[in-house]
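Student: Take a look at this one; I'll ask things after.
What follows draws every value from the coordinates through simple rules; no lab data is involved. Because the structure is a prediction, the values reported are computed rather than measured. Quick reminder, even Gly has a Cβ in these numbers, built from the backbone with ideal geometry, and neighbours come from all protein chains shown.
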Amino acid sequence: MTRPPSVDRLARSLESSELPHPLRVEVARAAIAESRVDDVEAMARDRRRRMLAPIINATGVLLHTNLGRAPVGAQIDPTYTNLEFDIETGRRGSRQRAVGDLLASACGAEAAMVVNNCAGAVLLTLAALGSGRGVAVSRGEMVEIGGGFRIPDVMAQSGARLVEVGTTNRCRVADYTRAVEDDDDLALVLKVHRSNYRIVGFTEDADVSELAPLGVPVVADIGSGLLDAACPWLDGPIPPWLADEPAVRQTLTAGADLVLFSGDKLFGGPQGGIIAGRRDLVERCERHPLARALRPGDLVLQALQATTLAYLDRRGHDIPFWRMATLTTDELAQRADAIVAASSAATTASPLRSTPTEAVPGGGTLPTVTIPSHGLRLAGDHAASLRDGDRPVVARVEDGATWLDLRTVDPEDDGVVAEALAAVLDEPASASAHNSDQAEAR
Ligand SMILES: *Cc1c(COP(=O)(O)O)cnc(C)c1O
């Protein structure tokens, strides 16, 4: 038996791993403790791969919550900004003004502000406008969004009292009217978009336009953040799958006093929660102590400003989400054919095929919608091998095959996808590289 190497020597042997020294030491310690000294390089690679890194989303899920929802990139130089500084007076300003005012213009609202995410927007609005008072919500809109955001729980946290209205499948204006009349301290009506489920059959719902005359503020949590149903930022036609999605501008026009939405769903920006609508109500939200706890940072505001400017300039093609959403299946099919040609040996028996696929919006939006798309089908389960490269490619496995949808892949990454597929095609047919590696190790 040889003595185990020193931690220091083992850590030094990992210099090419691109891990900082303290992490190399951690990995070396773990390798010695687990008697896996021979595996230490693989352990260092695994540690490195746990860090945040770009990946290629070939799942066809446009807003993939596990992959950061809408893809955003921001070139932000290290610099001071006028984050909370009024350039004109030279005095302290509000961090909400710069981007809030742009968002208000983009939404057609009097005012707007930004918090950390839409869950935060709901919590802050309920706390600022409804704490200690009643808030009416339809029994059919008690939603749970992924990650444990539940309307009744958020209501309890905000200090507002939940006033349930109507039934699960039917909730009429008369039900809301009764709630307003019967409750002696109703602060507002909250309409919540059923983002991730649908109620079908014997149903009835009240629109925002019908609730506006009730005499209490109407707050609409629309979640997904489609800015305008007319999509004026697109050159081409409006994607038909957007048809039933509530839009910020139209919800405000219909009479909502505030509209709440996510920055990183159909808005296509960074994670954020936007509160837009009546100035007096937005200001009450801004003054609430929770606003400080939920405020976004400089980097997020800069990225959100860039997205909002693209909308105002009608540059939909500069918003990656809209670029992906509006690609034609012909363009995608051409790219798929080129990838097949680049990655397959010139044999007719290649298990790789160019094929029509179905993409989905994702992000807990439009649960029943599919988007015609195009991509690649590779016989067998190769998901682990595809994730194993320096730029992991995340694919879907279904019906014993690996599916790559090109709608969510940046065309600049097609070459990486082709290389990853070529590597898989070179492998022994039976199993993915990952599994066969393990088999050999045993
Ligand atoms: C997604 C969603 C939320 C939560 O939004 P986050 O930005 O993820 O916090 C809240 N309400 C509705 C209706 C949603 O669809």
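Student: Just for the range 154-280, what percent of DSSP beta bridges are antiparallel, to the closest 5?
Tutor: 35 percent
Student: How about the range 8-57: which GluC sites (Glu not before Pro) there lie in a loop by DSSP and see at most 14 other Cβ atoms within 10 Å? Walk me through the numbers before you get to the answer.
Tutor: Details: sites: GLU15, GLU18, GLU26, GLU34, GLU41; in loops: GLU18, GLU34.
Passing both the DSSP loop test and the Cβ count: GLU18, GLU34.
Student: With +1 on each Lys and Arg Cβ and -1 on each Asp and Glu Cβ, and nothing else charged, work out how big the dipole of the chain is about its Cα centre, in Debye to the nearest 20.
Tutor: Magnitude of the dipole: close to 940 debye.
Student: Farthest toward the dipole's positive end in the chain, which of GLN157, SER354, ALA109, given Cβ charges of +1 (Lys, Arg) and -1 (Asp, Glu) about the Cα centre?
Tutor: GLN157
Student: Mind checking which of SER209, SER17, SER131 has the largest fluctuation in a GNM of the chain, springs on alpha carbons under 10 Å?
Tutor: Greatest mean-square fluctuation among the candidates belongs to SER17.
Student: I would also like to ask the following. For the range 4-19, just list the computed ³J(HN,Hα) in residue order, Karplus coefficients 6.51, -1.76 and 1.60, θ = phi - 60°, integers in Hz, with x standing in for Gly and Pro.
Tutor: Rounded to whole hertz, the list is x, x, 6, 3, 4, 5, 5, 4, 5, 5, 9, 4, 7, 6, 6, 8.
Student: Give me TRP403, TRP241 ranked fewest to most by other Cβ atoms within 10 Å of their Cβ, as a rough exposure proxy.
Tutor: Ranking TRP403, TRP241 by Cβ neighbours within 10 Å, fewest first, gives TRP241, TRP403.
Student: Would you work out which of ASN66, GLY297, LEU242 lies farthest towards the positive end of the dipole of the chain, given +1 charges on the beta-carbon of Lys and Arg and -1 on that of Asp and Glu, about the Cα centre?
Tutor: GLY297
Student: Still on this structure, I have one more. Taking neighbour counts of Cβ atoms within 10 Å as a proxy for exposure, in what order, fewest first, do ARG24, ARG278 appear?
Tutor: The fewest-first ordering by Cβ neighbours comes to ARG278, ARG24.
Student: Shifting gears a bit: Which value, in debye to the nearest 20, describes the size of the charge dipole of the range 21-142 about its Cα centre when Lys and Arg Cβ atoms bear +1, Asp and Glu Cβ atoms bear -1, and nothing else is charged?
Tutor: So the magnitude is around 260 debye.
Student: Based on other C-beta atoms within 10 Å, arrange PHE149, PHE321 from fewest to most.
Tutor: With the fewest neighbours first, PHE149, PHE321 line up as PHE149, PHE321.
Student: Still on this structure: Filter the DSSP H helices in the chain by two things, a Kyte-Doolittle mean of at least 0.0 and an axial alpha-carbon span of 20 angstrom or more, and list the hits by number.
Tutor: 298-312, 329-343
Student: Shape call for the chain from the C-alpha gyration tensor, a ≥ b ≥ c root eigenvalues: rounded (a/c under 1.5), prolate (a/b greater than b/c) or oblate?
Tutor: Here the chain falls in the prolate category.
Student: What whole-number distance in Å separates the alpha-carbon centres of the range 145-178 and the range 53-93?
Tutor: Between the Cα centres of the range 145-178 and the range 53-93 lies a distance of 32 Å.
Student: Take the alpha carbon atoms of the range 360-412, find their center, do the same for the range 111-139, and report the distance between the two centers in whole angstrom.
Tutor: One Cα centre to the other: 36 Å.
Student: If you count, for each residue, the other Cβ atoms within 10 Å and average over each peptide, how do 176-182, 86-92, 374-380 line up from highest to lowest?
Tutor: Numbers: 176-182: 16.4, 86-92: 8.6, 374-380: 22.3.
Answer by packing, highest mean first, reads 374-380, 176-182, 86-92.
Student: Taking the Cβ-Cβ separation of TYR80 and ARG49 as r and a Förster radius of 30 Å, what is the calculated FRET efficiency to the nearest 0.05?
Tutor: 0.30
Student: Still on this structure: Indicate, rounded to the nearest 5 percent, the antiparallel portion of the DSSP beta bridges found entirely in the chain.
Tutor: Antiparallel: roughly 55 percent of the beta bridges in the chain.
Student: Considering the chain as a Gaussian network with a 10 Å cut-off on Cα pairs, which listed residue, GLY134, GLY364, GLY201, attains the greatest mean-square fluctuation?
Tutor: Maximum among the listed residues: GLY201.
Student: Dipole of the chain (Lys/Arg Cβ +1, Asp/Glu Cβ -1, origin at the Cα centre): which of HIS288, LEU186, GLY201 lies farthest to the positive side?
Tutor: Working it through, the farthest residue towards the positive pole turns out to be HIS288.
Student: For a quick check, take a GNM of the chain with Cα springs below 10 Å and name the residue from ASP390, ASP175, ASP38 with the largest mean-square fluctuation.
Tutor: ASP38
Student: Taking the Cα centre of the range 86-239 as origin and charging only Cβ (+1 Lys, Arg; -1 Asp, Glu), how large is the dipole, in debye to the nearest 20?
Tutor: Once rounded to the nearest 20, the dipole reads 420 debye.
Student: Sorting check: for 44-55, 259-270, 242-253, which peptide has the highest mean count of neighbouring beta carbons within 10 Å, and how do the rest follow?
Tutor: With the highest mean Cβ count within 10 Å placed first, the list reads 259-270, 242-253, 44-55.
Student: Can you give the local net charge around LEU124? Use residues other than it whose beta-carbon is closer than 14 angstrom to its beta-carbon, Lys and Arg +1, Asp and Glu -1.
Tutor: That sum, taken over residues with Cβ under 14 Å, equals +1.
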